[in-house]
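Input: a single structure, listed below in C-alpha cells.
The values are calculated or read from the model by the stated rules, or taken from the named source; none is laboratory data. Small disclaimer: the values here were computed from a predicted structure and weren't measured. For neighbour counting, all protein chains shown are included, and Cβ atoms are generated from backbone atoms with ideal geometry for every residue, glycine included.
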Amino acid sequence: MLLRVSVVGLLVLAPLVRGADAATVAIEAPAALQLQVLLYDEPEGAFVPGAPGTIRVGYNSNDVVYDSRGVYEFFLPTLPTGGTYTAAEVRYVVANTRTETYDIGTEVLVYGSQLQFSPYAGNGRYDESDGYEFGDSALSDEIVTTGPRSTALNVGRVNALSSGGTTWLGINAAQADEKITYHTDLSRGGGAAGAAPSIVYTASVPDSGTLITRPLFDRLASTTGGTAGPFSGSEEDSEISTVELGNVLRRGVQEYSLAGLPDGATVTGATLTLNVTGSTGADGLYAEPRIYGYVGNGVFNSADALTTNATLLGTGTTVDRFGEYLITLDPAALQDLLAVGDTIGLIVRSSSDSSIFRYATLEGGDGAALSVAYAAVPEPTTVALLLPAATMLLRRRRTQTA
C-alpha cells in the first residue's frame, strides 16, 4: 500500500530539429512513496528523528547504533521499443546535516557524510526487503551544507530495470560511511523543509514506433450503490472479476505511464491486452467489455471507477474464450487524454447484462498490457527553448504527479 508519510536563461521560439530516427525526452517523476526505515538498533538509547517533514538518513547522533534509511519509489516510464535511458538523476533537498568541524589554526576543516542511492525494482508500495536493497549504488558528494542537491544514478541499472518490465524505480537512500555522529535529513516536501525528492530521466526514443507497457497498478473497485457509487477498493489479488448486475458493480481500475512517448507525437493506434481467466454469461450471453479512460495520477483511488467523467475508449468482442484477449482503443480519444496528462487510467467494466469475466492482474504474474503506436511529430515544429548562458539544451520535461 502507498504510505504517505539555476539556471538563468532566455526564453525564445525556435524550430525543433530532430534526427531522422530519434527524439530526446526528459521526464521528471516525484516520489510516490517516502518512508523512513530503521534496520536495527541497540537497547541503550532511543532513536532521535529528524525535523518534522524530513527523513533522517544515517546514524543516531547520540552514539547509539541506529541505521536509518530512506525508501522511495518513483514512476519508471516504459520507453518505446528501441528507446534507451541516457541519464537519470535523483534530486533532493538537504534540510539538515550533521558535520564535524576542526580548527587546525591555519584553516577550519568541515567534514560531512556521503549518501548512497541504490536502485531496485519497485512496485509502488513498501516491502520489508526494500530497506536492504543494495547494488549499483551512486554516491553523493560530501554533504556539508543544506539546500538542493542532485546525484547521478547508474543509468545502466535503470535501463536493466526498465527492460525487465518494472514500471516503478525504488531507491534505497543510506549513509555510505559508518560515522556514528553523522546524519542527513532529507525533505519530504510540502513544508518549510523544501521539495520532495524526484528523479529526472533523459531518454532517446524513436520518432515513430510502438510503446508497450504494464500498468502502475491494477485493482478492483466495487459498489452496491449503482452507478453513483460510492466505490470501495479491494486488496490486491491475482485476478479481477467484473460484473454489472443492478446496483452491484465490480470494475477494474488500471493506470499507465505514457511519459516515454515523444512530446507531441500522434497516436495512430492503441490496444489493451488482458489475460482472461474466466467468463460466464446470463442466458448464454457473454460479456463485451467496455474500456473507459481518464487522466490519472499513479495512485489508486476507488472513486476512479466512476465513468461519469470518463471517456469510452473501446468495446471488446464477446469474451467466450480464455487466454489473451485484445481490445482495440480509439487513438483519437486517447490522444485527447494525453493532451491533459501522461498518466492514463483505464476502467475495465463488463456489459450491463449480468455477464461476468475475470482477468489476471500483475499479482497473478500475467497482467494487462497497453500497446500504443505513434507517428513522428510533423516538422518543422516551433517549441520554447531555454538558452542558458553557456549552452543550449533542447529537451522536453514531463512532470508526473503522485
Quiz item: Given (1) in a loop (DSSP other than H, G, I, E, B); (2) within 25 Å of the chain's Cα centre (by Cα), where does residue 308 come up short, assuming only one miss?
Solution: (2)
Quiz item: Among the candidates 369, 373, 332, which residue alone is at pLDDT 80 or above and in contact with a helix residue (DSSP H, G or I) (Cβ under 9 Å, 6 or more places away or on another chain)?
Solution: 373
Quiz item: Does residue 150 satisfy being at pLDDT 90 or above, under 24 Å from residue 259 (Cα atoms) and not β-branched (Val, Ile, Thr)?
Solution: yes
Practice problem: Restricting attention to the range 282-320, report how many residues are over 21 Å from residue 221 (Cβ atoms) and touching an Asp or Glu at 6+ places or on another chain (Cβ under 8 Å). | Solution: 5
Self-check item: One residue from 120, 126 being part of a strand (DSSP E or B) and of a type in the set (Phe, Trp, Tyr)
Solution: 120
Exercise. Could you tell me which numbered condition residue 241 fails, if it satisfies all but one of (1) modelled with pLDDT under 90; (2) part of a strand (DSSP E or B); (3) under 21 Å from the mean Cα position of the chain (by Cα)?
Key: (3)
Quiz item: Which one of these does residue 84 not meet: (1) over 16 Å from residue 186 (Cβ atoms); (2) at pLDDT below 85; (3) surrounded by 13 or more Cβ atoms within 10 Å (Cβ to Cβ); (4) of a type in the set (Ser, Thr, Tyr)?
Solution: (2)
Quiz item: Among the residues of the range 195-211, is any part of a loop (DSSP other than H, G, I, E, B) and within 28 Å of residue 376 (Cβ to Cβ)?
Solution: yes
Practice problem: Confirm whether residue 269 is surrounded by fewer than 16 Cβ atoms within 10 Å (Cβ to Cβ), within 30 Å of residue 29 (Cα to Cα) and not aliphatic (A, V, I, L, M). | Solution: yes
Quiz prompt | Boolean, residue 189 is on the phi > 0 side of the Ramachandran plot and surrounded by fewer than 24 Cβ atoms within 10 Å (Cβ to Cβ) | solution = yes
Quiz prompt | Subset of the range 232-265 (residues that are in contact with a Gly (Cβ under 6 Å, 6 or more places away or on another chain) and of a type in the set (A, V, I, L, M, F, W, C)) | solution = 240
Quiz item: Is there a residue being touching a Ser or Thr at 6+ places or on another chain (Cβ under 6 Å), part of a loop (DSSP other than H, G, I, E, B), farther than 24 Å from residue 74 by Cβ and acidic (Asp, Glu) anywhere in the range 277-287?
Solution: no
Quiz prompt | Residue list for the range 329-364, restricted to those being under 21 Å from residue 245 (Cα atoms), among the polar types (S, T, N, Q) and buried (at least 17 other Cβ atoms within 10 Å of the Cβ) | solution = 350, 351, 354, 355
Quiz item: Based on what the data block shows, is residue 214 more than 19 Å from residue 307 (Cα to Cα), surrounded by fewer than 21 Cβ atoms within 10 Å (Cβ to Cβ) and among the basic types (Lys, Arg)?
Solution: yes
Quiz item: Which one of 283, 218, 207, 263 is at pLDDT below 95, at positive phi and among the charged types (D, E, K, R)?
Solution: 283
Quiz prompt | Members of the range 249-265 that are assigned to a strand (DSSP E or B) and either of a type in the set (Lys, Arg) or farther than 22 Å from residue 360 by Cβ (or both) | solution = 250, 251
Exercise. Go through 344, 291, 327, 356 for me and flag whichever is more than 27 Å from residue 268 (Cβ to Cβ), in contact with a strand residue (DSSP E or B) (Cβ under 7 Å, 6 or more places away or on another chain) and not charged (D, E, K, R).
Key: 356
Quiz item: Can you find a residue in the range 129-149 that is of a type in the set (Asp, Glu), farther than 19 Å from residue 56 by Cα and part of a loop (DSSP other than H, G, I, E, B)?
Solution: yes
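Is it the case, given these coordinates, that residue 299 is buried (at least 16 other Cβ atoms within 10 Å of the Cβ), more than 18 Å from the chain's Cα centre (by Cα) and within 30 Å of residue 201 (Cα to Cα)?
Working: buried (at least 16 other Cβ atoms within 10 Å of the Cβ): yes; more than 18 Å from the chain's Cα centre (by Cα): no; within 30 Å of residue 201 (Cα to Cα): yes.
Against the criterion (buried (at least 16 other Cβ atoms within 10 Å of the Cβ), more than 18 Å from the chain's Cα centre (by Cα) and within 30 Å of residue 201 (Cα to Cα)), residue 299 does not qualify.
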Quiz item: Assuming residue 326 fulfils every condition listed in (1) assigned to a strand (DSSP E or B); (2) hydrophobic (A, V, I, L, M, F, W, C); (3) surrounded by 24 or more Cβ atoms within 10 Å (Cβ to Cβ) apart from one, which condition is it?
Solution: (3)
